Amino acid sequence: MTTIEADWEQRIATLWAGIDDHEPEEFLAKVRELTSERVPDDANALFELASANDSTGHGDQAAPLYRQALDIGLTGERRRRAVIQLASTLRNLGRVEESVALLTAEREAGSDHLDDAVAAFLALALADAGREREAASLALGALARHLPRYNRSLAYYAQALLDTPEPA
């Protein structure tokens, strides 16, 4: 990473750290200003602009920016975050099945420290899709890994939700 890139990354991180110090439109304008310093097809800048639109209530504008960043070849943690955030935005826009499909594919694509975020947002999408038992199972399975006790029991019960037929 060049010094210029490192400086830009630091400035965008600082801006995000202070998001609550700005009115939504002011924050979005500041992100636009920073991202305009990058070349038009910079995947990282597109992701940051998508995230800012999303965080300020402009999901309809965020979704195409996430897709553009992913199509260009966004990599690393930002790629996975873009998939999670795009899927969440799609769910909020009423495109639940698309959200479920994206997150299901992401769950199968690999594993990292964002696994539980993928599971949590997939659980939300599944609940909206009318698949509540599957959603609860997924959320409880993710939670089970973080409990100080009862990990095995909760993991078992989470799986049992899938094995038990829906009540009539």
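Restricting to the stretch 17-36, what's the tally of residues that are without any contact (Cβ under 8 Å) to a residue 12 or more places away in the chain and of a type outside the set (A, V, I, L, M)? Show your work before the answer.
Restricting attention to the stretch 17-36, the residues satisfying the condition of being without any contact (Cβ under 8 Å) to a residue 12 or more places away in the chain are 17-18, 20-23, 26, 29, 33, 36.
Now restrict to residues that are of a type outside the set (A, V, I, L, M): 18, 20-23, 26, 33, 36.
Total satisfying the criteria: 8.
So which residues in the stretch 156-168 are in a helix (DSSP H, G or I) and open to solvent by 50 Å² or more (accessible area, probe 1.4 Å)?
Keep residues of the stretch 156-168 that are in a helix (DSSP H, G or I), which gives 156-163.
Result: 156, 157, 159, 162, 163.
Over 28 Å from residue 70 (Cβ atoms) and not polar (S, T, N, Q): is that true of residue 139 in this structure?
Numbers: over 28 Å from residue 70 (Cβ atoms): no; not polar (S, T, N, Q): yes.
Answer is no for this residue.
Could you please tell me which pairs satisfy a Cβ distance under 8 Å, a separation of 6+ or placement on different chains, a first residue in the stretch 43-60 that is without any contact (Cβ under 8 Å) to a residue 12 or more places away in the chain, and a second residue that is open to solvent by 10 Å² or more (accessible area, probe 1.4 Å) and assigned to a helix (DSSP H, G or I)?
45/34; 45/35
Hey, any hits in the stretch 32-41 for a residue that's touching a helix residue (DSSP H, G or I) at 6+ places or on another chain (Cβ under 6 Å) and part of a loop (DSSP other than H, G, I, E, B)? Show your work before the answer.
Within the stretch 32-41, the first condition is being touching a helix residue (DSSP H, G or I) at 6+ places or on another chain (Cβ under 6 Å), and the residues that meet it are 34-35, 38, 41.
With part of a loop (DSSP other than H, G, I, E, B) added as a condition, the list becomes 38, 41.
Yes.
Given the structure, is residue 83 buried (at least 19 other Cβ atoms within 10 Å of the Cβ), within 29 Å of residue 9 (Cα to Cα), β-branched (Val, Ile, Thr) and out of contact with any strand residue (DSSP E or B) (no Cβ under 9 Å at 6 or more places or on another chain)?
So residue 83 fits the description; yes.
Give the stretch 5-60 a look and list any residue that's within 19 Å of the chain's Cα centre (by Cα), hydrophobic (A, V, I, L, M, F, W, C) and open to solvent by 50 Å² or more (accessible area, probe 1.4 Å), or say none.
Passing the criteria: 13, 16, 17.
If we scan the stretch 95-110, do we find a residue that is modelled with pLDDT of 95 or more and on the phi > 0 side of the Ramachandran plot?
Taking every residue of the stretch 95-110 in turn, none turns out to be modelled with pLDDT of 95 or more and on the phi > 0 side of the Ramachandran plot.
Which residue out of 126, 147 is out of contact with any Cys (no Cβ under 8 Å at 6 or more places or on another chain), at negative phi, crowded, with 17+ Cβ neighbours inside 10 Å and not polar (S, T, N, Q)?
Numbers: 147 fails: crowded, with 17+ Cβ neighbours inside 10 Å.
After applying the criteria, what remains is 126.
Being farther than 11 Å from residue 84 by Cβ and surrounded by 15 or more Cβ atoms within 10 Å (Cβ to Cβ) is true for just one of 105, 139, 101, 117. Which residue is that? Outline the logic, then answer.
Details: 105 fails: surrounded by 15 or more Cβ atoms within 10 Å (Cβ to Cβ); 101 fails: surrounded by 15 or more Cβ atoms within 10 Å (Cβ to Cβ); 117 fails: farther than 11 Å from residue 84 by Cβ.
Checking each option against the conditions leaves just 139.
The values are calculated or read from the model by the stated rules, or taken from the named source; none is laboratory data. What you see is a predicted model; the values in this text were computed from it and never measured. Positions of Cβ are backbone-derived with ideal geometry, glycine not excepted, and every protein chain shown enters the neighbour counts. The accessibility values were calculated without ligands, DNA or RNA, using every heavy atom of the protein model including side chains. Shrake-Rupley method; radii C 1.70, N 1.55, O 1.52, S 1.80 Å.
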